[in-house]
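Each value in this text was obtained by applying a stated rule to the coordinates, not by laboratory testing. Since the structure is predicted, the reported quantities are computational estimates derived from the model, not experimental observations. Counting neighbours? That spans all protein chains shown, and the Cβs are built from the backbone with ideal geometry, glycine included.
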Amino acid sequence: MKTNILRKGSAVGIILLFISTAVAPSINANIPIADNIISATSSSNITTYQGTLSGYVTDPEMYPIEGAQVRVNFHDTYRENYSDATGYYHVTDISICNCTKNATCSKEGYIPAWIWLSIWTNTTYDFVLTPLDEYCYPVFSGTMGRNGWYISPVNVKFVYDPDVVETIFYKINAGEWVHYTEPFTIHEEGTIAFSWYYINYSGEQHESNTALINIDYTPPMLIGNHQRIDDKIIITAIPQENTSGIDRVEFYFNGVLKYIAYAPGPYQWTLSPIPHINATVKAVAYDKAGNSAWVLIPISCSNSQSNNQPNTQQHSQHDSQRSPVRQQMNQFIHILNHMTKNYLHINRLIFFRYK
């Protein structure tokens, strides 16, 4: 009897030991459980990137300054944004911590302004930039894209002191000097060197100044193709952009973002395994100014080798958005037809079986 009791007790002890081992958390045995939990909690709270800084950039006369760069420096990195036509900027994704951060606002033709700030969520600060020559300076306006590039023609007007300035002259790149009489528009794309000077009422010519204006409002060119190799399909996008340059190409499979290929490429995505139904890959190319173009690449589920002929049906950011909807409707109709054929085939087999 005692032997049986001892055997049963040993068996129960082994079972309890096995259960405790099975349900124990996977933690390094050399680290106490409490210390491990504290370390995990504290490490998750070291850095959060929810800080924002926003405000307006103006000149001393309270004219909004468009295209001014506002950069927040912290922890050996930075976040930046550019002011729009109203002078408004909004920098996001800034780390929240107890340190102060350097915020600098700059634009060519103006004296940079900077300040040390403690930045939390929804922090605001307005910058005032003083022109290098406060008696005469140009004001540029247009649609601001990304990275300091305008994605529209740029309007130019001069702000000047009529008691000091008699005449103003300007030139674009290496062109001729032109007498300024009224606001005008620059349609040329690229990095434009805009120069100007003025003559006061004493006949003295002030030294010339130059500001660089980045303009790119033309979407990139894009073609796409695909090639089937064994059990995978390689989708290739070929973008071309000669002004601001290509930034990235995004690949969408049936409307879901699957891969981003950044410059300088190659701009490829491998689809594996091959889908059982026909599908569509959408490649979207973005240039550094923010312009975009996209192309649809149909993918066949058949076993035959897919050709790699380019798809030239490019769509820019200005095109109608009805094409993707139409593509999805066509795909739905194709699936419905496929299901109908299978249904008729099954009925036919049943008919011949019982005939």
Computed from the beta carbon distance with a Förster radius of 35 Å, FRET efficiency for His206 and Asp126 to the nearest 0.05 stands at 0.75
Sorted by Cβ neighbour density within 10 Å, fewest at the top, the residues Leu222, Leu257, Leu271: Leu257, Leu271, Leu222
With point charges of +1 on the Cβ of Lys and Arg and -1 on the Cβ of Asp and Glu, referenced to the Cα centre of the stretch 111-193, which listed residue (Asn173, Thr143, Thr185) lies farthest in the positive direction of the dipole? Thr143
For Tyr286, Tyr135, Tyr252, ascending order of other Cβ atoms within 10 Å (fewest first) is Tyr135, Tyr252, Tyr286
Work out how much length Ala193 to Val164 would gain on full extension: take 0.36 nm times their residue separation and subtract the Cα-Cα distance, in nm to one decimal. 7.9 nm
Mind sorting Glu61, Glu66 by how few other Cβ atoms lie within 10 Å of their own Cβ, fewest first? Glu61, Glu66
Those aspartates and glutamates that a straight Cα-Cα span of less than 16 Å connects to Lys282, excepting residues fewer than 8 apart in one chain: Glu250, Asp319
So which aspartates and glutamates pass the test for Lys107, namely a Cα distance under 20 Å, with those fewer than 8 places away in the same chain ruled out? Asp59, Glu61, Glu66, Glu80, Asp84, Asp126, Asp133, Glu134, Glu189, Glu207, Asp216
Find how much the distance from Asp76 to Tyr88 grows on full extension, using 0.36 nm per residue of separation minus their present alpha carbon separation; answer in nm with one decimal. 1.7 nm
Distance in nm between label sites at Ala263 and Trp114, each 7 Å beyond Cα in the beta-carbon direction? 2.7
